[in-house]
Amino acid sequence: MDSHYLDSPVSTNSLLDFVISAELERLRTVYLTSDGLSATAPSLPYDDTKVFTYAQTYCGGGNDCPDGNGGSFELDCTHFICHCLAATGVRVTDPTAKCSKGLCIRVNDLAAAISNSVKKYSNVKQLKQHSDTKKGDLCFIPSWFGLRKEHAMLLADTATAQGAKVYAHTNNRCGTDVVFEGAECVYYRIENAK
């Protein structure tokens, strides 16, 4: 081994800072989109009827995808929600990982895409509190330094601080209750295109 490498100080902080900065910069460029959608489109095409039809069809397991769920992805919540969105033509731009149908499978990419889309589209909104939610809203439970798992769900009804009825995968839910156990939730609404 070259002694030059042994004499050089190792700065893990600068490498960690670089990696974090690069990932944050990448996440700022991720949005929701749809085929044929103009870069200046004021709203995102969306139809909650199609989203719910998909969610109700596949909430018990599997997806309309060769990757299915479970076997290919240990955690499938984001994959399922992205298939729900794809049923109405919506997808995440440039995800870091995707299924064989090209849909996002990582919750950070989906959450960033929706958050960034709030500023881009008039029909994508972040909600302030549990009582503002309704059937069809998206719920994210963010992870804080690995203390909790990240999770994405489609609400089947209004949420409360205690929990909500949801459509979700990983632990398959078909409009059934999930307890939030004090978790902080972030909610988004995509309204139907007019």
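Checking the structure you have, find out if any residue of the stretch 154-174 is surrounded by fewer than 15 Cβ atoms within 10 Å (Cβ to Cβ), part of a strand (DSSP E or B) and of a type in the set (A, V, I, L, M, F, W, C).
Looking only at the stretch 154-174, we keep the residues that are surrounded by fewer than 15 Cβ atoms within 10 Å (Cβ to Cβ), and these are 158, 160-162, 171.
With part of a strand (DSSP E or B) added as a condition, the list becomes none.
No, the conditions are met nowhere in the stretch 154-174.
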Listed by first then second residue, the pairs whose first member lies in the stretch 79-91 and is on the phi > 0 side of the Ramachandran plot, whose partner is open to solvent by 30 Å² or more (accessible area, probe 1.4 Å) and in a helix (DSSP H, G or I), with beta carbons under 9 Å and at least 6 positions apart or on separate chains, are 89/50
May I ask you to say which residue of 108, 192 is open to solvent by 60 Å² or more (accessible area, probe 1.4 Å) and out of contact with any Phe, Trp or Tyr (no Cβ under 8 Å at 6 or more places or on another chain)? 108
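When the residues of the stretch 126-138 are filtered to those that are surrounded by 17 or more Cβ atoms within 10 Å (Cβ to Cβ) and modelled with pLDDT of 95 or more, which remaining residue is farthest from residue 177 (Cα to Cα)?
Within the stretch 126-138, the first condition is being surrounded by 17 or more Cβ atoms within 10 Å (Cβ to Cβ), and the residues that meet it are 127, 130, 133, 136-138.
Checking which are modelled with pLDDT of 95 or more leaves us with 127, 133, 136-138.
Working: 127: 20, 133: 15, 136: 15, 137: 15, 138: 15 Å.
Checked the stretch 126-138; the qualifying residue farthest from residue 177 (Cα to Cα) is 127.
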Looking at (1) open to solvent by less than 20 Å² (accessible area, probe 1.4 Å); (2) touching a helix residue (DSSP H, G or I) at 6+ places or on another chain (Cβ under 6 Å); (3) over 15 Å from residue 186 (Cα atoms); (4) at pLDDT below 95, can you tell me which one residue 84 breaks? (4)
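Answer yes or no as to whether residue 101 is more than 16 Å from the chain's Cα centre (by Cα) and in contact (Cβ under 8 Å) with a residue 24 or more places away in the chain.
Values: more than 16 Å from the chain's Cα centre (by Cα): yes; in contact (Cβ under 8 Å) with a residue 24 or more places away in the chain: yes.
Yes.
Would you confirm, using the coordinates I've provided, whether residue 29 is closer than 30 Å to residue 156 by Cβ and at pLDDT 75 or above?
Values: closer than 30 Å to residue 156 by Cβ: no; at pLDDT 75 or above: yes.
For residue 29, the condition - closer than 30 Å to residue 156 by Cβ and at pLDDT 75 or above - is not met.
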Within the stretch 14-37, how many residues turn out to be surrounded by 11 or more Cβ atoms within 10 Å (Cβ to Cβ) and either aliphatic (A, V, I, L, M) or in a strand (DSSP E or B) (or both)? 6
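The values are calculated or read from the model by the stated rules, or taken from the named source; none is laboratory data. Treat the numbers as computed from the prediction; the structure is a model and nothing was measured. Methodologically, a virtual Cβ is constructed for each residue, glycine included, from the backbone with ideal geometry; neighbour enumeration extends over all protein chains shown. For accessibility, only protein heavy atoms count, side chains too; no ligands or nucleic acids. Shrake-Rupley method; radii C 1.70, N 1.55, O 1.52, S 1.80 Å.
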